[in-house]
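A.B. asks: What follows is a structure written as structure tokens; I'll ask about it next.
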Amino acid sequence: MKKLVIASNNPGKLAEFQRLLAPLGTEVMTQAELGISEAEEPHLTFVENALAKARHASRESGLPALADDSGICVTALNGAPGVISARYSGFPKSDERNNRALLEAMKSATDRRAHYTCVLVLMHSAGDPQPLIAEGEWHGEIASVPCGNGGFGYDPLFWLPDLGKTAAELSHDEKQDISHRGKAMQALLARLKA
């Protein structure tokens with residue numbers, strides 16, 4: 001693939017994808033650069049939303065498209081925020097408000113286990129009958145206070161007990177190797193090579 005459109009307007013995700021895709025030597029464009037609007041995400045699962053986003057971006061651009069649907073799933077909240085992670089506190093989307101809403105929901109929780117999940121879908125065309133799908137998970141806990149200035153989304157609250165810090169305290173390289181998106185991308189690249 002000489003060109004690929006990323007089906008996202010999230011600047012944090014775009015920066016991660018550019019770093020993760022650099023080894024392919026593929027020209028990466030965003031759907032916003034091509035004047036493509038964001039796709040609807042009406043589905044209840046990450047995989048369905050990722051498929052809808054990839055199909056939309058590929059149909060509108062005429063190019064292969066890579067889409068991601070990801071979010072944080074908290075055990076004490078029965079998997080919430082899940083697929084609505086980016087809009088957990090409503091619109092307009094706000095990481096800061098989402099983090100406050102999650103802390104409020106977790107106020108009396110004793111079980112703080114959580115995991116990020118990421119589903120990547122690569123479609124060679126809008127009618128691709130066999131899109132490549134890869135998944136990754138990153139396990140941790142919800143911290144009681146935000147910490148760190150890096151990352152985006154729930155990273156300031158995503159505590160990594162083995163490392164003794166939040167995802168927002170990791171460098172880009174550290175995060176790339178162990179994050180849900182990094183794991184999903186590694187799986188996707190392995191499938192592409194196969």
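The values are calculated or read from the model by the stated rules, or taken from the named source; none is laboratory data. The model shown is predicted, which means the values in this text are computed figures rather than measured ones. We place every Cβ from the backbone using ideal geometry, glycine too, and count neighbours over all the protein chains shown.
A.B. asks: Just a yes or no: is a residue in the stretch 124-143 within 11 Å of VAL74 (Cα to Cα), part of a strand (DSSP E or B) and β-branched (Val, Ile, Thr)?
C.D. replies: Our first condition is that a residue be within 11 Å of VAL74 (Cα to Cα); within the stretch 124-143, this holds for 139-142.
This time we only want the ones that are part of a strand (DSSP E or B), so: 139-142.
Then drop every residue that is not β-branched (Val, Ile, Thr), which leaves 142.
Yes, the conditions are met somewhere in the stretch 124-143.
A.B. asks: How about the stretch 144-166: which of its residues are part of a loop (DSSP other than H, G, I, E, B), of a type in the set (A, V, I, L, M, F, W, C) and more than 16 Å from the chain's Cα centre (by Cα)? I'd like the intermediate steps shown before the answer.
C.D. replies: Within the stretch 144-166, the first condition is being part of a loop (DSSP other than H, G, I, E, B), and the residues that meet it are 144-154, 161-164.
After this cut, where a residue has to be of a type in the set (A, V, I, L, M, F, W, C) as well, the list is 145, 147, 152, 163.
Answer for the stretch 144-166, where residues must be part of a loop (DSSP other than H, G, I, E, B), of a type in the set (A, V, I, L, M, F, W, C) and more than 16 Å from the chain's Cα centre (by Cα): VAL145, CYS147, LEU163.
A.B. asks: Moving on to the next point. Give the residue that is modelled with the highest pLDDT, with candidates limited to residues of the stretch 167-185 that are part of a loop (DSSP other than H, G, I, E, B) and out of contact with any strand residue (DSSP E or B) (no Cβ under 6 Å at 6 or more places or on another chain). Walk me through it before giving the result.
C.D. replies: Restricting attention to the stretch 167-185, the residues satisfying the condition of being part of a loop (DSSP other than H, G, I, E, B) are 170-171, 179.
Still in the running and out of contact with any strand residue (DSSP E or B) (no Cβ under 6 Å at 6 or more places or on another chain): 170-171.
Numbers: LEU170: 97, SER171: 94.
Among residues in the stretch 167-185 that are part of a loop (DSSP other than H, G, I, E, B) and out of contact with any strand residue (DSSP E or B) (no Cβ under 6 Å at 6 or more places or on another chain), the one modelled with the highest pLDDT is LEU170.
A.B. asks: So which pairs qualify, if the first residue must be in the stretch 117-141 and closer than 21 Å to GLU60 by Cβ, the second must be among the acidic types (Asp, Glu) and part of a strand (DSSP E or B), the Cβ gap must be under 6 Å, and the two must be at least 6 apart or on different chains?
C.D. replies: VAL119/ASP69; VAL119/GLU135; LEU120/ASP68
A.B. asks: From (1) of a type outside the set (Asp, Glu); (2) at pLDDT below 95; (3) not in a helix (DSSP H, G or I), pick out the condition that doesn't hold for ALA190.
C.D. replies: Exception for ALA190: condition (3).
A.B. asks: May I ask you to list the residues in the stretch 1-32 that are among the polar types (S, T, N, Q) and under 15 Å from LEU122 (Cβ atoms)? If you could, list the steps in order and put the result at the bottom.
C.D. replies: First, pick out the residues of the stretch 1-32 that are among the polar types (S, T, N, Q): 8-10, 18, 26, 30-31.
Residues satisfying the conditions are SER8, THR26, GLN31.
A.B. asks: Out of the residues in the stretch 70-85 that are under 16 Å from LYS13 (Cβ atoms) and assigned to a strand (DSSP E or B), which is nearest to the chain's Cα centre (by Cα)?
C.D. replies: Here the residue is SER70.
A.B. asks: Please state which one of GLY35, GLY62, GLY90, GLY12 is over 13 Å from the mean Cα position of the chain (by Cα), among the small types (Gly, Ala, Ser) and within 27 Å of ALA187 (Cα to Cα).
C.D. replies: Details: GLY35 fails: within 27 Å of ALA187 (Cα to Cα); GLY90 fails: within 27 Å of ALA187 (Cα to Cα); GLY12 fails: over 13 Å from the mean Cα position of the chain (by Cα).
Just one listed residue meets the conditions, GLY62.
A.B. asks: So, SER70, is that one surrounded by 23 or more Cβ atoms within 10 Å (Cβ to Cβ), closer than 20 Å to LEU160 by Cβ and touching a residue at least 60 places away in the same chain (Cβ under 8 Å) or not? Reasoning before the result, please.
C.D. replies: Working: surrounded by 23 or more Cβ atoms within 10 Å (Cβ to Cβ): yes; closer than 20 Å to LEU160 by Cβ: yes; touching a residue at least 60 places away in the same chain (Cβ under 8 Å): yes.
Yes: the conditions hold for SER70.
A.B. asks: Hey, any hits in the stretch 142-154 for a residue that's under 30 Å from GLY62 (Cβ atoms), crowded, with 17+ Cβ neighbours inside 10 Å, among the aliphatic types (A, V, I, L, M) and in contact (Cβ under 8 Å) with a residue 60 or more places away in the chain? Show your work before the answer.
C.D. replies: Looking only at the stretch 142-154, we keep the residues that are under 30 Å from GLY62 (Cβ atoms), and these are 152.
If we keep only those that are crowded, with 17+ Cβ neighbours inside 10 Å too, we end up with none.
No, the conditions are met nowhere in the stretch 142-154.
A.B. asks: Let me ask something else about it. What pairs come out if I take residues in the stretch 23-38 that are part of a helix (DSSP H, G or I) and pair them with residues that are surrounded by 14 or more Cβ atoms within 10 Å (Cβ to Cβ) and modelled with pLDDT of 85 or more whose C-beta lies under 8 Å away, six or more apart or interchain?
C.D. replies: PRO23/LEU189; LEU24/LEU189
A.B. asks: Tell me which residues, restricted to the stretch 155-167, are without any contact (Cβ under 8 Å) to a residue 12 or more places away in the chain and of a type in the set (A, V, I, L, M, F, W, C).
C.D. replies: Let us first name the residues in the stretch 155-167 that are without any contact (Cβ under 8 Å) to a residue 12 or more places away in the chain, namely 162-164.
Matches in the stretch 155-167: LEU163 only.
A.B. asks: If GLU40 passes every condition in (1) at pLDDT 95 or above; (2) touching a helix residue (DSSP H, G or I) at 6+ places or on another chain (Cβ under 8 Å) but one, which one does it miss?
C.D. replies: Of the numbered conditions (1) at pLDDT 95 or above; (2) touching a helix residue (DSSP H, G or I) at 6+ places or on another chain (Cβ under 8 Å), the odd one out for GLU40 is (1).
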